[in-house]
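Derivation of every value follows stated rules applied to the coordinates shown; laboratory data play no part. No experiment lies behind these values; they were computed from the predicted model shown. Every residue, glycine among them, receives a Cβ derived from its backbone with ideal geometry; neighbour counts consider all protein chains shown.
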Ligand code: NAP
């Protein structure tokens with residue numbers, strides 16, 4: 001069996017094209033969606049992510065602001081900026097690029113963002129709403145994965161799903177969304193004993209552990225659906241410098257029924273869902289005002 005490859009890039013392009021009309025409608029009503037991205041420090045990967053987010057906003061006709069602080073900026077300085085953005089009527093979404101420098105308390109920063117503008121969905125209030133099954137903002141990466149299931153007609157009800165990784169950003173919210181969709185979910189982590197015994201009985205595996213090409217073909221049931229969230233840069237060998245996922249794509253695509261590639265799978269969907277959350281936020285604010 002050779003798997004069908006889920007094209008995240010094509011779906012992202014389709015969704016972003018559809019956003020333009022919603023943005024134009026909002027702009028005509030004086031509510032152009034606006035995203036503020038706060039970056040602390042000079043981490044090169046974070047700089048690239050922030051640049052991509054800002055340019056995606058611009059391409060969709062949205063307003064965006066990039067706020068950059070040096071690595072030694074104080075926590076109170078960043079908190080003051082967040083408070084200002086919470087009050088700013090031109091801003092509907094606030095995102096603080098993670099990771100933050102060690103002297104800054106990540107929880108304190110994330111909790112300072114107004115839950116109504118928390119387009120990453122990391123605020124405790126929004127996590128609680130997600131747990132209860134009526135989310136306000138769905139974290140962008142798992143939201144993108146769910147959109148891919150919708151697009152490709154994957155019925156999750158009754159499926160055995162295994163999520164590898166339990167981070168607040170990917171693994172946990174992914175598991176919650178799969179639970180809400182009626183899947184039977186197992187969440188694995190670095191302490192899991194005999195990971196393959198879990199993945200081998202899964203109809204669906206989401207790999208979000210951050211280990212290059214870790215999930216091998218013999219860890220999967222033939223016909224499984226495989227979602228690769230990982231983004232890793234290959235350190236050595238003939239592919240040095242290239243990106244790869246957490247799944248051994250070349251071998252796994254011969255046993256899976258559906259698979260996402262890296263690059264071109266989940267990655268483009270993540271920024272797309274950030275735009276979606278910002279637009280939804282602006283629409284909600286407009287609705288509440290009227
Ligand atoms: P993270 O915070 O480092 O979490 C990794 C998780 O994987 C942890 O829960 C860890 O377990 C678990 N893990 C590590 N080794 C394992 C193993 N051998 N077996 C089972 N579980 C294991 O990473 P993250 O932020 O969730 O990101 C995961 C990957 O997705 C990274 O490659 C990241 O770059 C990528 N990512 C991609 C996107 C996108 O847009 N496509 C967005 C976000 C992240 P413990 O909890 O026990 O340590």
Handout entry: Computed lengthening from residue 45 to residue 152, 0.36 nm per intervening residue step minus Cα-Cα distance
Key = 35.5 nm
Fill in the blank from the handout: Between the Cα axis of helix 8-28 and the main Cα principal axis of the chain, the angle (0 to 90°, nearest 10) is 20 degrees
Completion exercise
Per its Cα gyration tensor (rounded if a/c is under 1.5, else prolate when a/b beats b/c, else oblate), segment 31-114 is best filed as oblate
Problem - Cα long-axis angle, helix 75-87 against the chain (0 to 90 degrees, to the nearest 10) - result: 70 degrees
Fill in the blank from the handout: Taking a crude spin-label model, label points 7 Å out from Cα along the C-beta direction, the residue 235 to residue 107 distance in nm is 3.2 nm
Handout entry: Expected 222 nm ellipticity per residue - DSSP helices of 4 or more, -39500 (n - 2.57), all of the chain, to 500
Key = -13000 deg cm²/dmol
Handout entry: segment 193-290: antiparallel DSSP beta bridges as a percent of all, rounded to 5
Key = 20 percent
Completion exercise
Pseudo-spin-label distance residue 197 to residue 132, built 7 Å along Cα→Cβ, given in nm, is 3.8 nm
Exercise for the section: For an R0 of 35 angstrom, estimate the FRET efficiency from the Cβ-Cβ distance between residue 84 and residue 217 and round to the nearest 0.05. Expected result: 0.10
Practice task
Starting with the fewest neighbours, write out 283, 42 ranked by other beta-carbon atoms found within 10 Å of each beta-carbon.
Solution key: 42, 283
Fill in the blank from the handout: Proxy exposure order for 169, 138 (fewest C-beta within 10 Å first) is 169, 138
Fill in the blank from the handout: per DSSP, antiparallel bridges as share of beta bridges in the chain, % nearest 5, sits at 5 percent
Completion exercise
Tilt, helix 171-180 to longest principal axis of the chain (alpha-carbon atoms), in degrees rounded to tens, equals 80 degrees
Handout entry: Relative exposure of 146, 62, judged by other C-beta atoms within 10 Å (fewest first)
Key = 146, 62
